[in-house]
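Notes follow once the structure below has been shown.
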Amino acid sequence: MYPARLDEKGRLKLPTVFQQYFNSFAESKLFITSLDGRIGQIYNIAAWRANENLFEEYTEDPEALQDLLFNAQDLGAEAEMDAQGRVTVNSELRRELDLQGQELHLFAYKNHVQILSEAIYQERRLRARPNGKENLGKLERAGLK
């Protein structure tokens, strides 16, 4: 979990570990969006294209897919990381997720980086802490080392 903050131009300075991760890909483009209107996601463009391929083949719940795609496109935009490791978060996403003027929390999840506002971070924290022991036991039984 890494603390972050948007600057006055809406740029998010990524921690070095995330800069290295995104720089490891052949293409420098990123896709920054929110799939649920609450948590932001930063994908390298190859991972986002893989998601788009999944979307094309997904038939289980077409309405859920339409809603998710609507959110992704409505709130998303391509971006590139600058030489200082900053990415610009588009204004619609900043407004919708209330990202401006507060500490944010970044963490890697699967093949992307999640952007949590302070309110979402605290909500997740309150949910995760009380269940920690039970969840740890479940995952140890599943093979967690």
Residue that is surrounded by fewer than 19 Cβ atoms within 10 Å (Cβ to Cβ) and either touching an Asp or Glu at 6+ places or on another chain (Cβ under 8 Å) or farther than 16 Å from P15 by Cα (or both), where the choices are E80, E60: E60
Residue in segment 2-23 that is surrounded by the fewest Cβ atoms within 10 Å (Cβ to Cβ), counting only those that are touching a residue at least 40 places away in the same chain (Cβ under 8 Å) and part of a loop (DSSP other than H, G, I, E, B): K9
Criterion violated by F107 - all others in (1) at pLDDT below 95; (2) more than 21 Å from P15 (Cα to Cα); (3) of a type outside the set (A, V, I, L, M); (4) open to solvent by less than 70 Å² (accessible area, probe 1.4 Å) satisfied: (2)
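Please go through segment 63-72 and give me each residue that is open to solvent by less than 100 Å² (accessible area, probe 1.4 Å) and not aliphatic (A, V, I, L, M), ordered by number.
The first filter runs over segment 63-72 and keeps only residues open to solvent by less than 100 Å² (accessible area, probe 1.4 Å), leaving 64-65, 67-69, 71-72.
Hits for segment 63-72 are D67, N71.
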N51 being open to solvent by less than 50 Å² (accessible area, probe 1.4 Å), in contact (Cβ under 8 Å) with a residue 12 or more places away in the chain and of a type in the set (S, T, N, Q): no
Failed criterion for A26 (all others in (1) outside any strand (DSSP E or B); (2) modelled with pLDDT of 95 or more hold): (2)
Near pairs, Cβ below 6 angstrom, 6+ apart or cross-chain, from segment 98-118 (over 18 Å from R86 (Cβ atoms) and part of a loop (DSSP other than H, G, I, E, B)) to any residue that is open to solvent by less than 20 Å² (accessible area, probe 1.4 Å) and of a type in the set (G, A, S): D98/S117; N111/A47
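The values are calculated or read from the model by the stated rules, or taken from the named source; none is laboratory data. Keep in mind that this is a model prediction, so the values were computed, not measured. Neighbour counts run over all protein chains shown; Cβ positions are idealised from the backbone, glycine included. We work out accessible area using only protein heavy atoms, side chains counted, and drop any ligands, DNA or RNA first. Shrake-Rupley method; radii C 1.70, N 1.55, O 1.52, S 1.80 Å.
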